[in-house]
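Single-structure report; data block below.
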Amino acid sequence: MVTTTSSETTSLHTTDLGRLVLLSWIRPSNGGDVPYLLLCAVGDDEDGTNPSTATVEHLLRDAGLAVGGDSVDATRRPDLPISLLVVPGSAVLTLPHIKAPFIPPEGWLAAAEKQGVACLVCTTRPWLGGDPGDYEALAAFANDQATLEASARIILPARGLRS
């Protein structure tokens, strides 16, 4: 995944985030597959140590989100500065200071199109488990209670170019 940062003037230094990982997966439910995204920092910030939890919290606060608590339904909060653009073959997650294009699996794209939403989990808990390509380890991390308690959860409209 490649991330770009915006040129907005802010007190947040996006380099403090280190490297971010964005994981996409689907979960079956009674209403069909639900697309999920996990956004977290990887343990490799500027000085090679763990990313700053405070910096990720700042990123979430700038987006109008708080760690913990109930999910935020962005379909009912059009003022929320987070968006998800889904086009054939790819998607782009945008938050204040960050634009993250990614290529999710076809099943994720189909679920996002069918459901019209995706569930984003943004956690302040850094991923320290090594290679972010290890799907099983990342899935365990994403479902861990400590990860969920240290996260903001957002139901995002999956918008296309015409919506």
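The values are calculated or read from the model by the stated rules, or taken from the named source; none is laboratory data. If you're wondering where the values come from, they're calculated on a predicted model, not measured in any experiment. Backbone-built Cβ (ideal geometry, glycine too); neighbour counts: all protein chains shown.
Here are the numbers for the structure shown:
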{"read-out": "Where Arg125 falls short, out of the listed (1) in contact (Cβ under 8 Å) with a residue 24 or more places away in the chain; (2) outside any loop (DSSP other than H, G, I, E, B)", "value": "(2)"}
{"read-out": "So Ala146, is it under 24 Å from Ala74 (Cα atoms) and not in a strand (DSSP E or B)", "value": "yes"}
{"read-out": "Filter pass, Val2 being at pLDDT 90 or above, out of contact with any Cys (no Cβ under 8 Å at 6 or more places or on another chain) and hydrophobic (A, V, I, L, M, F, W, C)", "value": "no"}
{"read-out": "Among residues of the stretch 58-98, those that are under 16 Å from Gly160 (Cα atoms) and not in a loop (DSSP other than H, G, I, E, B), counted", "value": "12"}
